[in-house]
Amino acid sequence: MISIVIPTYNEVENIITLLKNLTFLVNDFQYEIIVVDDDSPDGTSDEVNKYMKFNKRIKLITRIGRSGLSSAIKEGLIFAQGKYLLVLDGDGQHHPSFILDMLQEIKKNRSDIVIGSRFLNTSKLEGLSKKRSLGSKIANKLARISLHRNYSKLTDYLSGCFCLERESNKKFIRKIEINGFKFLYELLSLSKGNLMVNEVPLIFKERKFGNSKLDIAIVWDFLISIIHNFTLRLLPRRAISFGLVGISGVFVQLFITSFLVEILLFNFYNALPFAVIIAATSNFLINNQVTFRSERLKNSALLIGLLKFLIVASLPVIANVGITTAFYKYISADTFIAQIAGIAIVYAWNYLASSSFVWRKTI
């Protein structure tokens, strides 16, 4: 039996055509198709529900209050019953015929994973712009150097289309962190070079309907994944993200302080509290968009969250100002070094307290 898992969000104009093409291709197999939809507001789940009446081997998981590509794939794979587990995007850009090639490859060579690659010599990229293609190639190079050398021969570590042999992968599937940038990359990282992985060429078509899900948050996730892997996965992903956002807050604080002192001629002692509060607000807004986006606060909850964040940060803010002032007054009159000394104490407290109090999420 083969299980095909399709994560979807706002793919109402693409999903039925994809399902029809897939059922035609795998009609001679014992199969199930599992659509995992993140409660799409465009009615994707409704359309799949209607189509399920004509084919009982199509199943639907509509997720309420849960979202994210990697978590959708993980949920679908755990639910699946097949010996071979196939994953492909729901946007229709991956030509369905590659499924047969993947099944043949995984059976013939007894592979653990077969990837549908966009970057083999015989692959066809009809729907990838030059800018996206260049970005994907750069991302793949970074992925290559961060993964085990046994996977260095691969060409597409970030593919959305792949086939897994269930038994050899199930322990890794359950360990994958749901906020990972790409499910396949996380799987390869966790396996530490112990899986046999091969590739087949992929035809990547132009998207006919809907919009790409690639945004700044996805790029941010990739950066976090790379750092997470380079740190041997010892630091929590969110701690890394929170730390990077904190670094941006350092620059915000330094800029605001410099602006108030150099341009508006504030006294350094008077300028510092304003700079610290503005930097804390900046950190909150960025963390809300990237680090905690699955629990993203909106509308009135955003304002309440900001107030909570400032309360959480108030003790280290006071300490920041106090230590910075003392360092500036008694140790060094260098405003840059003085501020860095103050900033250094706030990270751990803010991360731990914010995770549980502001966004109410365990670390």
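The condition (being more than 26 Å from Val245 (Cβ to Cβ) and either modelled with pLDDT of 90 or more or surrounded by 14 or more Cβ atoms within 10 Å (Cβ to Cβ) (or both)) is satisfied by just one residue among Ile173, Ile224: Ile173. Of the residues making up segment 267-283, those that are closer than 20 Å to Ser332 by Cβ and crowded, with 16+ Cβ neighbours inside 10 Å are Phe268, Ala271, Leu272, Ala275, Val276. Hey, could you check segment 290-323 for residues that are in a helix (DSSP H, G or I), closer than 17 Å to Gly249 by Cα and polar (S, T, N, Q) and say which is modelled with the lowest pLDDT? Here the residue is Asn320. So which of Val261, Val245 is under 19 Å from the mean Cα position of the chain (by Cα), in the same structural domain as Ser354 (by TED's automatic domain parsing) and farther than 22 Å from Phe172 by Cα? After ruling out the rest, the residue left standing is Val245. Limited to segment 148-170, what total is found for residues that are aliphatic (A, V, I, L, M) and modelled with pLDDT of 95 or more? Counting residues in segment 148-170 that are aliphatic (A, V, I, L, M) and modelled with pLDDT of 95 or more gives 2.
The residues of segment 96-120 include none that are surrounded by 13 or more Cβ atoms within 10 Å (Cβ to Cβ), in a loop (DSSP other than H, G, I, E, B), charged (D, E, K, R) and out of contact with any Asp or Glu (no Cβ under 7 Å at 6 or more places or on another chain).
Screening segment 63-78 for residues that are modelled with pLDDT under 95 and surrounded by fewer than 16 Cβ atoms within 10 Å (Cβ to Cβ) and picking the one that is nearest to the chain's Cα centre (by Cα) gives Ser67.
The set of residues in segment 83-119 being touching a residue at least 60 places away in the same chain (Cβ under 8 Å), over 14 Å from Phe29 (Cα atoms) and among the basic types (Lys, Arg) consists of Arg110, Arg118.
Among the residues of segment 1-18, those that are within 26 Å of the chain's Cα centre (by Cα) and farther than 16 Å from Gly68 by Cβ comprise Ser3, Ile4, Val12, Glu13, Asn14, Ile15, Leu18.
Residues of segment 142-151 include none that is in the same structural domain as Leu19 (by TED's automatic domain parsing), loosely packed, with under 15 Cβ neighbours inside 10 Å, in contact with an Asp or Glu (Cβ under 9 Å, 6 or more places away or on another chain) and not β-branched (Val, Ile, Thr).
The values are calculated or read from the model by the stated rules, or taken from the named source; none is laboratory data. None of these values were measured; they are calculated from a predicted model. Because the Cβ atoms are built from the backbone with ideal geometry, glycine has one as well, and the counts that use them run over all protein chains shown.
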